[in-house]
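A.B. asks: If you scroll down you'll find the structure; I have some questions about it.
The values are calculated or read from the model by the stated rules, or taken from the named source; none is laboratory data. No experiment lies behind these values; they were computed from the predicted model shown. Using ideal geometry, Cβ is built from the backbone for each residue, glycine included, and neighbour counts are taken over all protein chains shown.
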Amino acid sequence: MTEKPTYEELEKRVQELEQAESMSKQAEEQLRNIFENTTNLFYSHTADHQITYISPQVEHILGYTVEEAMIKWTEFASDDPINEIGFQNTIKAIETGERQPTYELELIRKDGKKIIVEVRESPIVKNGKTVAMVGSLADITERKQAIEELRKSENNYKALAENPNSIVMRFDPKGNIIFVNQYACNLFGYSFKEMMGKKSTDLIHPGIQDDGQSAEDLFAKLLNHPERYQTNENANLTKDGKRLWISWANTPTYDESGQLTSLICTGFDTTDKKQMETQLQQAQKMESIGTLAGGIAHDFNNILSPILGYTEMLLMDVPEDGPFKKNLNQIYTSALRARSLVKQILTFSRQGSSELMLMKMQTVVKEALKLIRSTIPTTIEIKQDINPDCGVIKADPTQIHQIVMNLATNAYHAMEETGGELKVSLKQVELGEYDIMTPDMTPGTYACLTVADTGKGMDKNLTDKIFDPFFTTKAIGKGTGMGLSVVHGIVTAMGGAIHVYSEPGKGTEFHVYLPVEKTLSHEQATVSKAQIKGGTEHILLVDDEQAILNMEKQMLERLGYQVTSRLSSVEALEAFRDSPDKFDLVITDMAMPNMPGDKLSVELTKIRSDIPVLLCTGFSETMSEEKATSLGIKGFILKPIVMKDLDQKIREVLDK
């Protein structure tokens with residue numbers, strides 16, 4: 001028989017039970033504190049999903065009270081496909097009694113907002129059967145949003161970095177490249193490995209930039225004051241020496257202490273834009289030169305007109321064996337050359353029309369070399385071998401002059417520092433079927449112009465690009481890279497070709513081939529032998545320059561014409577109005593005050609519609625032979641005038 005416990009034993013037993021109960025309450029309190037103070041939500045539900053317990057966090061996470069939340073947990077779920085995984089995991093845990101992996105659910109709060117929660121749960125198994133599920137869930141909506149934003153940011157960065165049309169580079173505070181995209185590698189001509197570790201100054205053009213900064217100064221300012229230089233444009237250099245203009249957007253990155261950690265530079269190739277700007281500037285410069293040249297030409301022609309006219313008349317008066325005949329011929333020839341020079345200036349500045357004519361190159365080449373000789377230093381010797389019989393080509397003399405000047409200037413620049421020899425030769429060659437260099441050329445006879453220098457020469461990489469527009473090996477400000485491109489364009493348009501041969505240290509040779517004409521027009525190839533005819537008609541002569549008016553009047557009277565002269569268009573109009581049937585022809589200058597020649601012509605035809613007008617001009621931006629014809633003007637002649645041309649034009653107008 002079991003002995004009854006003593007009082008002391010009962011008291012001790014009671015104390016142990018009380019202590020156990022106290023510890024249980026403490027544990028329960030601690031567990032409650034954990035459940036109620038953690039951000040996670042704890043729950044339990046039956047095998048058929050009915051919630052049997054839910055912690056107070058339900059109000060914060062889902063917006064429901066504990067009482068309201070005592071429903072089937074599936075009623076909180078949205079219809080997002082993501083929830084299917086959670087449903088299947090719970091069903092599998094109930095069926096197998098095994099814990100399943102953590103999963104995510106999309107739930108709907110009481111206010112209708114959707115949230116993403118992360119669920120961890122375990123089955124409660126009794127007698128081999130799951131009787132309940134207990135678990136916790138955490139609101140990870142903000143974390144998911146942050147991950148999504150990060151993903152988008154990474155995608156954006158990846159899209160930017162892999163953009164096939166933009167450069168992306170990242171530099172450390174010392175200017176070393178720490179990231180570069182493939183497009184930049186392709187554009188600069190380096191591999192990714194070659195680009196990594198390069199300094200910014202390795203890519204920036206070593207010359208002075210448009211804003212006067214060196215490469216070192218430019219990047220130092222970007223690093224020291226990135227907020228001031230959020231955008232900039234500069235000249236860069238590719239691996240093969242090509243100049244590349246890039247417009248940059250610069251974004252600095254900082255660490256938590258505010259120290260600069262890197263500079264992200266995104267750029268776009270603006271070389272084409274820069275080239276167009278250069279072309280525009282060049283066009284504007286040429287327009288200004290043309291305007292200036294026009295003014296000079298007008299004044300110069302007014303000076304040349306009496307020189308040519310009076311010299312021509314003196315030549316008619318002195319005997320062939322007279323002591324002054326030779327001197328007068330020299331004056332006349334020089335004046336004609338001056339007239340040709342003015343015409344070249346106007347054509348080159350695009351104020352005059354380009355004329356294709358049958359010509360021999362020798363004279364133009366020699367004249368261009370004379371001009372070159374006066375502009376280059378004596379350390380460069382010019383040697384020329386000009387064959388006098390090179391056939392006749394069809395060309396614009398000004399363009400031939402331009403070819404020689406550009407090639408000779410290019411040769412001079414190659415020898416500018418060291419001096420050397422500039423060799424120019426002109427000869428006739430035969431090119432067979434296998435000798436021609438372009439599809440547009442045909443076998444036959446060609447005039448070959450060779451311009452060679454003893455400068456530093458070029459390698460094949462440079463000669464392959466030498467005719468590209470704006471390609472130049474010169475420093476910024478030393479050349480536009482347009483000269484050889486212009487030459488190539490002129491030669492190609494004429495059905496010819498240009499070839500370059502060069503080796504480093506052995507100088508450079510340019511060979512220009514221009515087709516020789518098979519037939520030659522006698523009238524175009526020789527000086528006109530037309531006889532002066534003259535006439536007896538009455539001419540009204542108008543010019544606002546007294547010297548020209550007097551000279552032209554004498555010239556016309558020598559030709560047999562009756563002449564009434566007036567110094568202004570207004571006076572001429574009054575004289576014509578008084579006796580309109582008295583005159584057979586009106587010869588008028590174009591550029592005159594109050595009423596220019598074309599306006600005078602209009603007023604004259606209002607009085608007498610059949611009066612022929614011959615318009616003379618030294619230069620006019622607004623008048624051409626085509627426009628004069630459209631206005632009803634019967635003849636057009638350029639100053640300075642020589643007698644045979646004037647006589648021929650007068651008879652051409654009057655004899656129609």
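A.B. asks: Filter region 612-623 down to residues that are of a type in the set (Val, Ile, Thr) and crowded, with 19+ Cβ neighbours inside 10 Å and give me whichever is modelled with the lowest pLDDT. Talk me through it step by step, then tell me what you get.
C.D. replies: To start, the set of residues in region 612-623 that are of a type in the set (Val, Ile, Thr) comprises 613, 617, 622.
If we keep only those that are crowded, with 19+ Cβ neighbours inside 10 Å as well, we get 613, 617.
Values: VAL613: 93, THR617: 81.
Among those that are of a type in the set (Val, Ile, Thr) and crowded, with 19+ Cβ neighbours inside 10 Å, it is THR617.
A.B. asks: Would it be correct to say that THR278 is modelled with pLDDT of 85 or more, farther than 22 Å from LYS370 by Cβ, surrounded by 13 or more Cβ atoms within 10 Å (Cβ to Cβ) and outside the structural domain of SER247 (by TED's automatic domain parsing)? Spell out how you get there, then give the answer.
C.D. replies: Details: modelled with pLDDT of 85 or more: no; farther than 22 Å from LYS370 by Cβ: yes; surrounded by 13 or more Cβ atoms within 10 Å (Cβ to Cβ): yes; outside the structural domain of SER247 (by TED's automatic domain parsing): yes.
In short, no.
Residue-wise test of (1) buried (at least 16 other Cβ atoms within 10 Å of the Cβ); (2) touching a residue at least 24 places away in the same chain (Cβ under 8 Å).
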residue: ASP48; (1), (2): no, yes
residue: GLN57; (1), (2): yes, no
residue: ILE71; (1), (2): no, no
residue: PHE87; (1), (2): no, no
residue: LYS92; (1), (2): no, no
residue: ILE116; (1), (2): yes, yes
residue: ASP139; (1), (2): yes, yes
residue: ARG143; (1), (2): no, no
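Condition check ((1) over 30 Å from ASP453 (Cβ atoms); (2) aromatic (Phe, Trp, Tyr); (3) modelled with pLDDT under 80; (4) touching a Ser or Thr at 6+ places or on another chain (Cβ under 9 Å)) across all residues:
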| position | (1), (2), (3), (4) |
| --- | --- |
| THR291 | yes, no, yes, yes |
| PRO306 | yes, no, no, no |
| SER349 | no, no, yes, yes |
| VAL364 | no, no, no, yes |
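A.B. asks: Next up: Mind checking which residues of region 545-601 are among the basic types (Lys, Arg) and within 20 Å of LYS649 (Cα to Cα)? So that I can check it myself, show each step before the final result.
C.D. replies: Filtering region 545-601 down to residues among the basic types (Lys, Arg) leaves 553, 558, 566, 577, 582, 599.
Result: LYS553, ARG558.
A.B. asks: Only strands (runs of 3 or more DSSP E) wholly contained in region 53-172 count here; list those with 2 or more residues that are within 30 Å of ASN232 (Cα to Cα) and modelled with pLDDT under 90. It would help to see each step written out before you state the result.
C.D. replies: Numbers: elements: 103-108, 114-126, 129-139, 167-171.
Correct list: 167-171.
A.B. asks: Restricting attention to region 492-523, which residues are in contact with a helix residue (DSSP H, G or I) (Cβ under 7 Å, 6 or more places away or on another chain) and either β-branched (Val, Ile, Thr) or at pLDDT below 90 (or both)?
C.D. replies: ALA497, ILE498, VAL500, SER502, THR508, VAL512
A.B. asks: Taking only region 183-199 into account, find how many residues are in a helix (DSSP H, G or I), under 23 Å from the mean Cα position of the chain (by Cα) and not aliphatic (A, V, I, L, M). Can you show your working first?
C.D. replies: Just the residues of region 183-199 that are in a helix (DSSP H, G or I), to begin with: 183-188, 192-195.
Right, trim to under 23 Å from the mean Cα position of the chain (by Cα) and you get 183-188.
In the following step, the residues that additionally are not aliphatic (A, V, I, L, M) were identified as 183, 185-186, 188.
Residues flagged as in a helix (DSSP H, G or I), under 23 Å from the mean Cα position of the chain (by Cα) and not aliphatic (A, V, I, L, M) within region 183-199 amount to 4.
A.B. asks: Which members of region 573-604 meet the condition of being among the hydrophobic types (A, V, I, L, M, F, W, C), surrounded by 22 or more Cβ atoms within 10 Å (Cβ to Cβ) and in contact (Cβ under 8 Å) with a residue 40 or more places away in the chain?
C.D. replies: VAL586, ILE587, LEU600, listed by residue number.
A.B. asks: Here is a check on your reading of the model: is GLN402 polar (S, T, N, Q), surrounded by 14 or more Cβ atoms within 10 Å (Cβ to Cβ) and closer than 22 Å to ALA493 by Cα? Quick ask: steps written out before the conclusion?
C.D. replies: Numbers: polar (S, T, N, Q): yes; surrounded by 14 or more Cβ atoms within 10 Å (Cβ to Cβ): yes; closer than 22 Å to ALA493 by Cα: yes.
Against the criterion (polar (S, T, N, Q), surrounded by 14 or more Cβ atoms within 10 Å (Cβ to Cβ) and closer than 22 Å to ALA493 by Cα), GLN402 qualifies.
A.B. asks: So is ASP647 in a helix (DSSP H, G or I), free of Cβ contacts under 8 Å to residues at least 40 places away in the same chain and surrounded by 15 or more Cβ atoms within 10 Å (Cβ to Cβ) or not? Working first, answer last.
C.D. replies: Details: in a helix (DSSP H, G or I): yes; free of Cβ contacts under 8 Å to residues at least 40 places away in the same chain: no; surrounded by 15 or more Cβ atoms within 10 Å (Cβ to Cβ): yes.
Considered against the rule, which asks whether it is in a helix (DSSP H, G or I), free of Cβ contacts under 8 Å to residues at least 40 places away in the same chain and surrounded by 15 or more Cβ atoms within 10 Å (Cβ to Cβ), ASP647 comes out as no.
A.B. asks: Continuing with the same structure: Out of all the residues in region 41-66, which are within 19 Å of THR141 (Cβ to Cβ) and small (Gly, Ala, Ser)?
C.D. replies: Hits for region 41-66 are SER55, GLY63.
A.B. asks: While we're on this one: Failed condition for LYS639, given (1) among the charged types (D, E, K, R); (2) under 23 Å from GLU545 (Cα atoms); (3) modelled with pLDDT of 85 or more, with all others met?
C.D. replies: Only one criterion is unmet by LYS639, namely (3).
A.B. asks: The conditions are (1) in a strand (DSSP E or B); (2) at pLDDT 90 or above; (3) closer than 22 Å to HIS298 by Cα; (4) not hydroxyl-bearing (Ser, Thr, Tyr), and ILE539 fails exactly one of them. Which is it?
C.D. replies: Tallying (1) in a strand (DSSP E or B); (2) at pLDDT 90 or above; (3) closer than 22 Å to HIS298 by Cα; (4) not hydroxyl-bearing (Ser, Thr, Tyr), ILE539 fails exactly one: (3).
A.B. asks: In region 624-641, what residues are over 39 Å from the mean Cα position of the chain (by Cα), surrounded by fewer than 19 Cβ atoms within 10 Å (Cβ to Cβ) and part of a loop (DSSP other than H, G, I, E, B)?
C.D. replies: LEU631, GLY632
A.B. asks: List the pairs whose first member sits in region 188-202 and is at pLDDT 90 or above, whose second member is among the charged types (D, E, K, R), and whose Cβ atoms are under 7 Å apart, counting only residues at least 6 apart or on separate chains?
C.D. replies: What qualifies is PHE188/LYS239; GLY189/LYS239; GLY189/ASP240; TYR190/LYS239.
A.B. asks: Filter region 46-79 down to the residues that are of a type in the set (Asp, Glu) and under 13 Å from LEU107 (Cβ atoms) and list them by number. Before you say what the answer is, go through the steps one by one.
C.D. replies: Of all residues in region 46-79, those of a type in the set (Asp, Glu) come to 48, 59, 67-68, 75, 79.
Scanning region 46-79 gives GLU75, ASP79.
A.B. asks: May I pose another question? Against the conditions (1) under 31 Å from the mean Cα position of the chain (by Cα); (2) on the phi > 0 side of the Ramachandran plot, where does GLY419 fall short? Just the number, please.
C.D. replies: (1)
A.B. asks: Also, quick follow-up: Tell me, which residue of region 504-514 that is outside any strand (DSSP E or B) and closer than 18 Å to ALA408 by Cα is nearest to the chain's Cα centre (by Cα)?
C.D. replies: Keep residues of region 504-514 that are outside any strand (DSSP E or B), which gives 504-507.
Among the residues that remain, those that are also closer than 18 Å to ALA408 by Cα are: 506-507.
Values: LYS506: 34, GLY507: 31 Å.
So, considering only residues that are outside any strand (DSSP E or B) and closer than 18 Å to ALA408 by Cα, the one nearest to the chain's Cα centre (by Cα) is GLY507.
A.B. asks: Taking into account only those residues within region 372-381 that are over 12 Å from MET415 (Cα atoms) and surrounded by 13 or more Cβ atoms within 10 Å (Cβ to Cβ), which is farthest from the chain's Cα centre (by Cα)?
C.D. replies: Here is the first cut: in region 372-381, the residues over 12 Å from MET415 (Cα atoms) are 372-375.
Now drop any that are not surrounded by 13 or more Cβ atoms within 10 Å (Cβ to Cβ), which leaves 372-373.
Details: ILE372: 31, ARG373: 35 Å.
Only one residue tops the list, namely ARG373.
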